[in-house]
Amino acid sequence: MILKAKTNDEGFSTGQKLPISSVGAALGVLCIAAGAAVTLTGGQRAPAYVGVVIGVYLMFAVKVADQWEKVAVLRLGRYTGLRGPGWFHIVPIVESLSRYVDQRVRVASVSAESTLTRDTVPVNVDAILFWVVWNAEKSILEVEDFSRAITLSAQTALRESIGRHELAQLITERETLGRELQRILDEKTNPWGITVQSVEIRDVRIPRELEDSMSRQAQAERERQARNILGQAETEIADKFSQAAATYQDNPVALHLRAMNMLYEAIKERGSMVIVPSTAVETMGLGGSLAAVALAGKTPQ
C-alpha cells in the first residue's frame, strides 16, 4: 500500500512572510531620508542618527496582514491575541508573530494507491477535500502544521473507508463515500478550529488486467441474463400453447375454425399453393370454402 501526500507544492500557503513589510519598509525609508535631509540642512548629525533608529524600528515594527489573514502575536513567547487584517504594530524583539493563517476555503488533493477494498480488489483512489479555518487561534495554538495534519488525516480516513467498502460501492456510491469521509475528518479537525466542508471522490482506478477480467465477467453475465429471458419466454409460450390445446380439445368446432382461418390467410396473403390432406378437408368441411375462394380468384375485375 502506497500513500502519496500533496503538500505545499500544490499551492498551500506556508503562512510565512518576510520580516519587513512593504509599509514598514516605506516608513523606515521616509524616516531615514527625513533625518538625512535635516542633517544636510542644519549641519548636525544627530537628526540623521535619530532618523536611522526610528526608520529601522518602523521597518520591523509595522506589519500588514491581508484581508483574508490572521496572525497571532506572542510577547516573550506568551500568546497575547490575534492581529489582522490590515496594518498593526508590534514591539521588535519583545514580541514575535506566528505563521499567518489563510481563512479562505482551501483545497487539498489526496490519493491512495493499491489499496484493497472489502472484496480484496486493489484500487487507486483520488479525492479532493475542501476545508476552511474558522478559528485562527485554535489552528495556531492546537496544531503545529494543520495543512499537513489535514492531508495525512484525509489519507488515513480514505484508506480506512476503502477497506470498508466493496468495489461496486466505490464506483456507484461516490457521493456517499465523500459524505462519510467529510464526517470523519470534520470530527477530527473541529478541535483545531478547522472545518472540512466537503470531500469529492475524483477517480477510482483498477489495474488493467483486472479491467479485462471484469469486462469478460460482465459479458458472461449479460449472456446469462439473455438466455434466462429467452428460456422464460419459451416457457410462457409453451404454457399458452398448452392452454390453447386444452381449449381445442374440448371444442372441436373452434379447432376447425382456426384451421380454416390459417388456410385462408395463407392463400390470401402469400398466393402460394397449399397442399392439404383430403381427410383434413372432409373433416373440417373445407371443400365448399376452398371452391368459393378459387372462384373468387378467377372472377374478372
| task | Mind counting the residues in the stretch 91-118 that are in contact with a Pro (Cβ under 7 Å, 6 or more places away or on another chain) and of a type in the set (A, V, I, L, M)? | result | 1
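Evaluate the following for residue 71: is it assigned to a strand (DSSP E or B), over 19 Å from the mean Cα position of the chain (by Cα) and farther than 17 Å from residue 202 by Cα?
Here the answer is yes, as residue 71 does meet what is asked.
Does residue 46 meet the test of being among the hydrophobic types (A, V, I, L, M, F, W, C), modelled with pLDDT of 90 or more and surrounded by fewer than 14 Cβ atoms within 10 Å (Cβ to Cβ)? Outline the logic, then answer.
Values: among the hydrophobic types (A, V, I, L, M, F, W, C): yes; modelled with pLDDT of 90 or more: no; surrounded by fewer than 14 Cβ atoms within 10 Å (Cβ to Cβ): yes.
Against the criterion (among the hydrophobic types (A, V, I, L, M, F, W, C), modelled with pLDDT of 90 or more and surrounded by fewer than 14 Cβ atoms within 10 Å (Cβ to Cβ)), residue 46 does not qualify.
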| Selected residue [within 15 Å of residue 24 (Cβ to Cβ), among the aromatic types (Phe, Trp, Tyr) and either over 42 Å from the mean Cα position of the chain (by Cα) or not assigned by TED's automatic domain parsing to the domain that holds residue 25 (or both)] from 57, 49 | 57
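Report yes if some residue within the stretch 172-187 is touching a residue at least 40 places away in the same chain (Cβ under 8 Å), over 30 Å from residue 77 (Cα atoms), aliphatic (A, V, I, L, M) and not assigned by TED's automatic domain parsing to the domain that holds residue 73; otherwise report no.
Checked against the condition, which is being touching a residue at least 40 places away in the same chain (Cβ under 8 Å), over 30 Å from residue 77 (Cα atoms), aliphatic (A, V, I, L, M) and not assigned by TED's automatic domain parsing to the domain that holds residue 73, the stretch 172-187 yields at least one hit.
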| request: Sort out which residues of the stretch 17-55 are among the hydroxyl-bearing types (Ser, Thr, Tyr) and free of Cβ contacts under 8 Å to residues at least 40 places away in the same chain, and write them in order of number. | output: 39, 41, 49
| Can you pull out the residues in the stretch 93-110 that are within 14 Å of residue 154 (Cα to Cα) and crowded, with 19+ Cβ neighbours inside 10 Å? | 108, 110
| task | Search the stretch 96-114 for residues that are within 10 Å of residue 70 (Cα to Cα) and pair each with any residue that is hydroxyl-bearing (Ser, Thr, Tyr) and surrounded by fewer than 19 Cβ atoms within 10 Å (Cβ to Cβ) when their beta-carbon atoms are under 8 Å apart and the residues are at least 6 apart or on different chains. | result | 99/14; 100/13; 102/13
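The values are calculated or read from the model by the stated rules, or taken from the named source; none is laboratory data. Not measured: the values here are computed from a predicted model. Note that each Cβ is placed from the backbone with ideal geometry, even for glycine, and that neighbours are counted across all protein chains shown.
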